[in-house]
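The values are calculated or read from the model by the stated rules, or taken from the named source; none is laboratory data. Quick caveat: nothing in here was measured; it's all calculated off a predicted structure. Quick reminder, even Gly has a Cβ in these numbers, built from the backbone with ideal geometry, and neighbours come from all protein chains shown.
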Amino acid sequence: MDLATVIIVEILYSIAVLVLISAGLAVVFGMMRVINLAHGEFMMIGGYATIVAVNSGINIYVSMLLVAPLVVGLLGLLVERLIIRHLYGRLVDTMLATWGLSLFLVGVATMIFGNTTTGISPPIAGFSIGAYQVNGYNFFIIVAALVLLAALYAVLSGTRAGLVARGTMQRADMASALGYNPNTIYMVTFFCGSALSGLAGGILAPLVGLVPSTGGTYIAKAFITVISGGSSIIVGVLSSATLFGLVSQVFTFAVSPVVGDVALLVAAVILLRLLPQGITGRFFKGRM
Amino acid sequence: MSEALLTTRNLTMRFGGVTAVESVDFSLGRRELRCLIGPNGAGKSTFFKCLTGLLKPSAGQIYIDGEETTGWDPHRIASLGVGVKTQVPSVMDGLSVRENIWLAAGRVHGSRTAGRFVDDAIDRLGLGPIARTLVGQLAHGERQRVELGIVVAQQPWLILLDEPAAGLTGEEVGRMAQMITELSSDAAIIVVEHDMQFIRSIAATVTVFSQGRILMEDHVDAVMADARVRDVYLGRKG
Amino acid sequence: MKIQRRQFLAGSVALAAGGVLSTVPGAFAANDVKLGSVLDTSGIFDAYGKPMDMAMRLAVDEINAAGGLLGRQIDITAYDTQSEMALYTQYGQQLARRDKVDVVHGGILSASREAIRQTLRKSKVLYFYNVLYEGGVCDRNIFITGVTPAQQVEIVVPAAIKKWGPKIYILAADYNYGQITARWVQKYALENGGEAIATDFFPLDVADFGSTIAKIQAASPDIVVSALVGGAHLSFYRQWAAAGMKSKIPMASTTLGVGNEHKVLTAEEGDGILVAYNYSSEIESAANQSFLSGWTGKYGDTKLIHEIAVSNYQGVHVWAEGVRKAGSMDRDAVVSALEDGISINGPGGVVSIDPKTHHAVLDVHLMEFSGQKMKVLESFKQRQPIDTQGVCDLVANPDDNTQYEVKI
Amino acid sequence: MAKADLKHTAFVTVLAAVALLIAPSFLETYTLTILVVYGLLALSLGLIWGFGGILCFGQAAFYGLGAYTYAVAALNIGESTIPFFLGVLMPLLFAALLGAMMFYGRLSDVYLGVITLVVTLIFFKFMNATAGPEYVLGTARLGGFNGIPGFQTLNVPGDPDAYILGDAFYYFTAFVLLLVYVFVRWLIASPFGRVAVGIRENEQRIELMGYDARLRKTVLFAVGGGIAGLAGTLFASWAEIVTPGLFSLSQSAEIIIWCIVGGLGTLVGPVIGAMVLGYLKFVLGQQSVIDNTLILGLVLILFVVLLPRGIVPSLGSAFRSFQGAIRRRSRKTPRRRRRRQADV
């Protein structure tokens, strides 16, 4: 019974992680039809920002929840101005350019921080469920993912900016029809998406040993989750994260982590073969 | 209509909760020239796409030359001898005019003898001076003609044209009408069109679509005179 | 560094000129001794490679300062393999055929060693592989100065069982080293009245151990023995501590600390973990003191020094000793001299060569993590490479050229 | 048209043959060999991406599969002739299977990218997890992360002791590259190839003409897979070891970068891109001032943003517009065209 509880917590946790690592990519993809392959490196930079901030004496929560998103968001602004905006409407070219960016950022981080693993400790102690010890920080991550989804929903459905954003998602020329400068919208969107990547990087930093190439472990999963989810940001990410989180954890427990990973990938291939437009391309059409 | 070349029976197409085409029974004779008209959203383009295989109908059957083609892929339908021109000119921008047409002729006639048919199509459509230009660099009217050339070079016996006159200048419209009339001596043709002037100039039988169904079918003059048509179509068009 | 930059520029110019490049490192006197080095000093393995490179350069400096080898200076031809296996093949061939070096020191992962071993053997270039590895390589052209699993496990596992109890849960990286080490742990557990109740393998990129930690608790072992490797696997120790498991189930490892992980983990996360290696900077010996001061003199501080950097340092000195004894640079003469039972007194203790296997006989120190340092609990003198000795005898079969799967 | 094509092919082939023959006086043949192998690999993606409009994020899967197939077969058989052909055949068949699955499922664009990427990842993860003794094919241990060393390298057919090594191996790979180049040129000039280009430009139109685009894309994809497998086979014989790194994302990325830098829509472009960047990488390995990944990344960004058509087509169009200026013929900007090509 205790073990079952622990397993359920682990499944929720892995769904939450997928939500966190996909949210930034999903916002940018959903709004701008841009796939940012440097997303993993944005997370990595969020992680380093957190660690540097913590080491220089800033409170860990402030570092994770404020410093990391801000730093990465600003980086995102710069990237949007310098690279992305030259390539709007050219999906494949943006993928390639951001792939280049990802390599570039790995190089920069290596030159600054070296390839040595660094990290900080999680701020929450473990506690026990029956005979089992669980990582207290897992609950923080689950809560963070829930809050993030709720906040996204609130912004998209409850604010004027959200309305414009939804309009833009439906039709790219909607914003200009409403009298908004699409350039500004794209800039703001990319800032928000990058900030979310930074946030994810910051929140996950205490759990992993950080190296400059860390981003690579996230991007594939985030990419698969977002694409499989389809074009709707919230429903898409949530549904595909749930599916993949469930599949990978069940196989991890039953067999091994490799099989868990492979099961996730196989599930993605089957899913895309059956639903070539992603989950929300078929179901929940037109939702957020 | 004992000699029907194309018939649909009970053809229905739904998208989610919307029924775009509902139980359409349609029939086209050999060498017949037919126009489909109707207001926006009447279902004529959806109907057209079902005929070409670009959409798979939700229910009902399509027969072309005695064969049931319901649910076939576009290439199978086309290889029966059906030529299709889509609404937005569907051409290959990165290839030259000649290459575009050669690809069409090559499938039907084999790559060795295709050249003759390519020259012929280029002549008929007056594409000679721009034969080696990349299609991506052409003006809209020229692209429309290239696409028609692609259709012609296949020497089809059934031609489906979606808004061939859209975006053409007055002079080009006249040439297009003449071209279609010429083609109709060898093939049956369905034209989806908005432009009543154009339809008059090819003097065809007209099928009027409204809300996914066939409203009436008659000669263009009779259709123009009909009150119901004016209500649903001309009236709304204003 | 300067030379490297010059090479780089030369290379770029050559590239611009359409690939006109035939001799790059040509600025040295013709009769220098040429030492080739291939290490990953960039890319994901550079945490291992960079200190190894520094250690190799320190050793060469020391030898040169003492008058060189046979009166000749050593010059270094070093290539960065960028953590990519294809580049090992490339540079291995380059060192053997173009640079015509006298010896190659290098290779980090077993795959990188296998990528160059045959090339060097065919071109008759002596090869030193100075890294802790899974054991079993049997080839007269290669000398190996790192510790092998048996040397560590025979010390750390009995000590752990004695201290904490018999039930062992094994976690290991899913590649040769981990697989083989796990089997040695199972063997020594049995021999010492213990039992391996479960063994899990993890690919090198697994970073999330939540479900594993739950599984371990379900099995409730007395000890966890880890042979996890690399940055992603470091997450395990962090998640383990975060779940509050550290105080409940103690841990021993055959790998933690090799890449200076004890300095990355906090004291709370690391303290109490039991390990066994050839080197710790805490070793109190004259040889270690002079090594540390030499390192400080050259690089400023000693924080990058780790186990395999010291192996590489000792490897270069072992080779130099062999050359001195042979009195020649000739490969066969040096090999014979080394087989004659050479030994040096290195920072980790006396290192001598076992003629049957070309592996090193080393001191192994049982240590405990304590305040981000490795505190020596007990030293075991001159441990034989018994794993490789079980399968390899180069005295009897000098033409052997295999990596044996060590039988357990 | 066919005549001009023939002339072009002959010209490039002769030029390349001469270049490949005199190259050994400037560079060691073992370096040249691997550059030629990279060229072959780039050619495989250049074909399916540049001429079929299929952007495969996982070309490395076929490369790795070719190398592993060769290694496993060579360990089991000993003599290298059959393994060599298996190394081409296996990736070809696998690509045909994968292609059929994707194209008959009407996947396009990004989804195609994701699937190929994911399949490569599966290979990568699986091969990395095969360190245990239970993963054996015949006498060959798959070896996990450490890969498979010690298999028979290429030999003269029928004589297992007559290794094709060193210079001979270089001339052999160079010959293979030229042969494949001529084959691919022929393929593109054939009606099949013309239709493939038509599919890249406008798949729907090709379907409406009555061609089965799915079948043709599958065949083209398979041919690309076979060529990548051939490159992998040659790599295995050169490196004498195969490791899961062959399946890595960075390997796939590199192939794409080669094509982008060299230029899409040409065959020579990707080959040159591969050789130049491959050589650059070796040269960079001899310095430690700047991180190499950083440079590669920067090159990719700059090319996508500033010179999206790559070196060879840009040179070509500069030459043509020079000609055009002489003939006083105005042309529209060609930028739009390239955008279409890349987005298909």
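Some observations on this one:
Matching residues to (1) crowded, with 24+ Cβ neighbours inside 10 Å; (2) of a type in the set (A, V, I, L, M):
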site	(1), (2)
D:65	yes, yes
D:68	yes, no
D:85	no, no
D:120	yes, no
D:129	yes, yes
D:151	no, no
D:156	no, yes
D:160	no, no
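- Top-ranked residue of region A:239-259 - restricted to ones that are modelled with pLDDT of 80 or more and crowded, with 24+ Cβ neighbours inside 10 Å, ranked as farthest from the chain's Cα centre (by Cα): A:252
Residue-by-condition table, conditions (1) without any contact (Cβ under 8 Å) to a residue 24 or more places away in the chain; (2) part of a helix (DSSP H, G or I):
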residue: D:169; (1), (2): no, yes
residue: D:186; (1), (2): no, yes
residue: D:194; (1), (2): yes, yes
residue: D:210; (1), (2): yes, no
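- Wholly within region C:340-399, strands (runs of 3 or more DSSP E) carrying at least 2 residues that are basic (Lys, Arg): C:373-383
- Some residue of region D:164-173 being buried (at least 24 other Cβ atoms within 10 Å of the Cβ), at the interface with another protein chain (Cβ under 10 Å from one of its Cβ atoms) and over 13 Å from the mean Cα position of the chain (by Cα): no
- Conditions (1) of a type in the set (S, T, N, Q); (2) within 30 Å of residue C:267 (Cβ to Cβ); (3) crowded, with 20+ Cβ neighbours inside 10 Å; number of the one not met by residue C:357: (2)
- Any hit, region A:142-159, residues being among the aliphatic types (A, V, I, L, M) and either in a loop (DSSP other than H, G, I, E, B) or within 14 Å of chain D (Cβ to nearest Cβ) (or both): no
- Region A:216-232, residues that are assigned to a helix (DSSP H, G or I) and more than 12 Å from chain C (Cβ to nearest Cβ): A:219, A:222, A:223, A:224, A:225, A:226, A:227, A:228, A:229
- Condition broken by residue C:97, with the remaining ones in (1) farther than 28 Å from residue A:107 by Cα; (2) in contact (Cβ under 8 Å) with a residue 60 or more places away in the chain; (3) part of a helix (DSSP H, G or I) satisfied: (2)
- Some residue of region C:202-215 being at pLDDT 85 or above, surrounded by fewer than 24 Cβ atoms within 10 Å (Cβ to Cβ) and of a type in the set (S, T, N, Q): no
- Pairs linking a residue in region D:147-166 that is charged (D, E, K, R) to a residue that is outside any loop (DSSP other than H, G, I, E, B), with Cβ atoms under 9 Å and 6 or more positions apart or on different chains, are D:161/D:155.
- Test: residue in region B:68-77 that is within 20 Å of residue B:4 (Cβ to Cβ), assigned by TED's automatic domain parsing to the domain that holds residue B:215 and touching a residue at least 60 places away in the same chain (Cβ under 8 Å): no
- Condition met for residue A:101 (more than 17 Å from residue A:47 (Cα to Cα), buried (at least 20 other Cβ atoms within 10 Å of the Cβ) and touching an Asp or Glu at 6+ places or on another chain (Cβ under 9 Å)): yes
- Residue check, residue D:325 surrounded by fewer than 19 Cβ atoms within 10 Å (Cβ to Cβ), at pLDDT 70 or above and either within 9 Å of another protein chain (Cβ to nearest Cβ) or assigned to a helix (DSSP H, G or I) (or both): no
- Within region B:78-101, the residues that satisfy the criterion of being over 18 Å from residue B:162 (Cα atoms) and either touching a residue at least 40 places away in the same chain (Cβ under 8 Å) or touching a strand residue (DSSP E or B) at 6+ places or on another chain (Cβ under 7 Å) (or both) are B:80, B:93, B:94, B:95, B:96, B:97, B:100, B:101.
- Any hit, region D:215-225, residues being crowded, with 24+ Cβ neighbours inside 10 Å and within 8 Å of another protein chain (Cβ to nearest Cβ): no
- The residue that is farthest from the chain's Cα centre (by Cα), counting only those in region C:107-125 that are among the small types (Gly, Ala, Ser) and part of a loop (DSSP other than H, G, I, E, B), is C:123.
- Residue in region C:186-197 that is surrounded by fewer than 22 Cβ atoms within 10 Å (Cβ to Cβ) and within 13 Å of chain A (Cβ to nearest Cβ) present: no
- Qualifying positions in region B:137-161 - surrounded by fewer than 20 Cβ atoms within 10 Å (Cβ to Cβ) and among the small types (Gly, Ala, Ser): B:139, B:141
- Restricting region C:217-238 to residues that are facing chain A (nearest Cβ under 9 Å) and farther than 23 Å from residue A:121 by Cβ leaves a set whose member that is surrounded by the most Cβ atoms within 10 Å (Cβ to Cβ) is C:218.
- Filter result (more than 30 Å from residue D:106 (Cβ to Cβ) and among the β-branched types (Val, Ile, Thr)) within region D:205-246: D:233, D:241, D:242, D:243
- Enumerated helices (runs of 4 or more DSSP H) restricted to region D:1-117, each holding at least 1 residues that are touching a helix residue (DSSP H, G or I) at 6+ places or on another chain (Cβ under 7 Å), more than 14 Å from chain C (Cβ to nearest Cβ) and closer than 27 Å to residue A:274 by Cβ: D:29-50, D:59-77, D:81-104
- On inspection, residue D:97 fails the criterion of being free of Cβ contacts under 8 Å to residues at least 12 places away in the same chain and under 30 Å from residue C:98 (Cα atoms).
- Some residue of region A:19-26 being over 30 Å from residue A:114 (Cβ atoms) and in contact (Cβ under 8 Å) with a residue 40 or more places away in the chain: yes
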